[in-house]
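Student: Okay, handing you the structure first.
The values are calculated or read from the model by the stated rules, or taken from the named source; none is laboratory data. From a predicted model like this one, the values you see are computed outputs, not experimental measurements. Cβ placement follows ideal geometry from the backbone for every residue including glycine, while neighbour counts extend to all protein chains displayed. Please note that ligands, DNA and RNA were not included when accessible areas were found on the heavy atoms of the full protein model with its side chains. Shrake-Rupley method; radii C 1.70, N 1.55, O 1.52, S 1.80 Å.
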Amino acid sequence: MSGWLLEPLGYAFVVRALLASVMVGIVCATVGTFVVLRGMAFFGDALAHAILPGVALGFILGGGSQRAVFLGAVLAALASAFGIGRLSRRGGLKEDTAIGIVFAGMFALGIVLISTRSGYARDLTHILFGNVLGVGSGDLALVLGLGLGIVLVVAAFFKEFVLVSFDPVQAATLRLPVERLEGLLLSLIALTVVAALQTVGVAMMVAMLVTPASTAYLLTRRLPTMLVLGALIGALSGMLGIYGSYHLSVQRGIAVPSGPAIVLVCSFAFGLAYLAAPGRGWLWRRAARGPIDPEEAP
């Protein structure tokens, strides 16, 4: 058992991948708690795809530099988030309509930009499905710094975010800047998407935002506990996904990408909670109904 745990730690790239995955799991679950409570899964998915033109521009203008790609992704994510917010609040459109417009337009622009760059297919695969084992020291510092900043902001405005999420009318009555707080929350979701880009990629970003928080939602009825439990599930999913990917590749010769492996662990945890969560799981609800009377059976 100790060998199973310690062997991967002999490789620096695996250690960096573990640290990045744990931080991304914590950040995604922390912000994802509000995504789940507000029913914003589609918004998170749209942002994950809307950063594509920023990533492509960063890659083209920066000569493949990871920092240029990161900066381009941040700018595209923030622009998309504010664009969706403005269209829904002041453009007379429903939020899902605004999300669809921005998502489709930005994603199409990203595809056009990518098509102008020859030899981009391999890098596009990393963008879509992540390349956590390729995280360098500079990338790790960016992920850890950005992730820590997001968690600290959520902690500082936790009560305000809760009130705005559950009762925006009361928040306005208390003279809280509701529109600014919602804009801040959208920005945090955008930055979380960027932080997780290299870990799980665009295609599976929404899973990390939604699945750990949804699992925690099934296991507890208290919001602070849900947030902490979701962060723990996200972090453990990141670790187990990396370990599973490493050992399957080394010992079994099965090349399993780390990003999808992390998402599969999250999904497995959700499946267990859906079946056996105390009071809310399918097995508990089925047991509460009691045995079926044969005379009442159809």
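Student: If I filter segment 196-204 for residues that are buried (at least 23 other Cβ atoms within 10 Å of the Cβ), touching a Cys at 6+ places or on another chain (Cβ under 7 Å) and not in a helix (DSSP H, G or I), do I get at least one hit?
Tutor: Yes - at least one qualifying residue is present in segment 196-204.
Student: Still on this structure, I have one more. Can you report the number of residues in segment 209-250 which are open to solvent by less than 50 Å² (accessible area, probe 1.4 Å) and in contact with a Lys or Arg (Cβ under 9 Å, 6 or more places away or on another chain)?
Tutor: Total satisfying the criteria: 1.
Student: All but one of (1) open to solvent by 30 Å² or more (accessible area, probe 1.4 Å); (2) under 13 Å from GLY25 (Cβ atoms) hold for LEU272; state the number of the condition that does not hold.
Tutor: Only one criterion in (1) open to solvent by 30 Å² or more (accessible area, probe 1.4 Å); (2) under 13 Å from GLY25 (Cβ atoms) is unmet by LEU272, namely (2).
Student: If LEU176 meets every condition in (1) at pLDDT 85 or above; (2) assigned to a helix (DSSP H, G or I) apart from one, which number is that one?
Tutor: Checking LEU176 against (1) at pLDDT 85 or above; (2) assigned to a helix (DSSP H, G or I), the one that fails is (2).
Student: Restricting attention to segment 209-220, does a residue exist that is part of a loop (DSSP other than H, G, I, E, B) and either touching a strand residue (DSSP E or B) at 6+ places or on another chain (Cβ under 6 Å) or modelled with pLDDT of 90 or more (or both)?
Tutor: Yes, the conditions are met somewhere in segment 209-220.
Student: As an exercise: evaluate ALA76 against (1) farther than 30 Å from LEU163 by Cα; (2) in contact (Cβ under 8 Å) with a residue 24 or more places away in the chain; (3) open to solvent by less than 40 Å² (accessible area, probe 1.4 Å); (4) more than 16 Å from the chain's Cα centre (by Cα) and give the number of the one condition it does not meet.
Tutor: So ALA76 meets the others, but not (1).
Student: Next question. Give me the helices (runs of 4 or more DSSP H) completely within segment 80-158, filtered to those with at least 1 residues that are modelled with pLDDT of 85 or more, ordered by residue number.
Tutor: So the answer is 95-115, 137-156.
Student: Could you tell me how many of the residues in segment 30-63 are open to solvent by less than 10 Å² (accessible area, probe 1.4 Å), within 18 Å of GLY130 (Cα to Cα) and within 10 Å of the chain's Cα centre (by Cα)?
Tutor: 2
Student: Right, another one. I'm told GLY253 meets every condition in (1) open to solvent by 50 Å² or more (accessible area, probe 1.4 Å); (2) on the phi < 0 side of the Ramachandran plot; (3) out of contact with any Asp or Glu (no Cβ under 9 Å at 6 or more places or on another chain) except one. Can you identify the failing condition by its number?
Tutor: (2)
Student: Let me ask something else about it. Give segment 125-176 a look and list any residue that's farther than 25 Å from PHE13 by Cα, exposed (fewer than 13 other Cβ atoms within 10 Å of the Cβ) and aliphatic (A, V, I, L, M), or say none.
Tutor: Matches in segment 125-176: LEU152, ALA155, ALA156, VAL169, LEU174.
Student: Given the criterion in contact (Cβ under 8 Å) with a residue 24 or more places away in the chain, of a type in the set (Phe, Trp, Tyr) and open to solvent by 90 Å² or more (accessible area, probe 1.4 Å), identify the matching residue among PHE107, PHE82, PHE70.
Tutor: Working: PHE107 fails: open to solvent by 90 Å² or more (accessible area, probe 1.4 Å); PHE70 fails: open to solvent by 90 Å² or more (accessible area, probe 1.4 Å).
So the residue among PHE107, PHE82, PHE70 that is in contact (Cβ under 8 Å) with a residue 24 or more places away in the chain, of a type in the set (Phe, Trp, Tyr) and open to solvent by 90 Å² or more (accessible area, probe 1.4 Å) is PHE82.
Student: Output the residues belonging to segment 251-271 that are touching a residue at least 24 places away in the same chain (Cβ under 8 Å) and in a helix (DSSP H, G or I).
Tutor: Selection gives SER258, GLY259, PRO260, ILE262, VAL263, VAL265, CYS266, SER267, ALA269, PHE270.
Student: May I pose another question? Can you run down the residue pairs with Cβ atoms below 6 Å, 6 or more apart or on separate chains, where the first is in segment 33-56 and over 17 Å from GLY85 (Cβ atoms) and in contact (Cβ under 8 Å) with a residue 24 or more places away in the chain and the partner is assigned to a helix (DSSP H, G or I) and polar (S, T, N, Q)?
Tutor: Pairs that qualify, where the first residue is over 17 Å from GLY85 (Cβ atoms) and in contact (Cβ under 8 Å) with a residue 24 or more places away in the chain and the partner is assigned to a helix (DSSP H, G or I) and polar (S, T, N, Q), are VAL36/SER214; LEU37/SER165.
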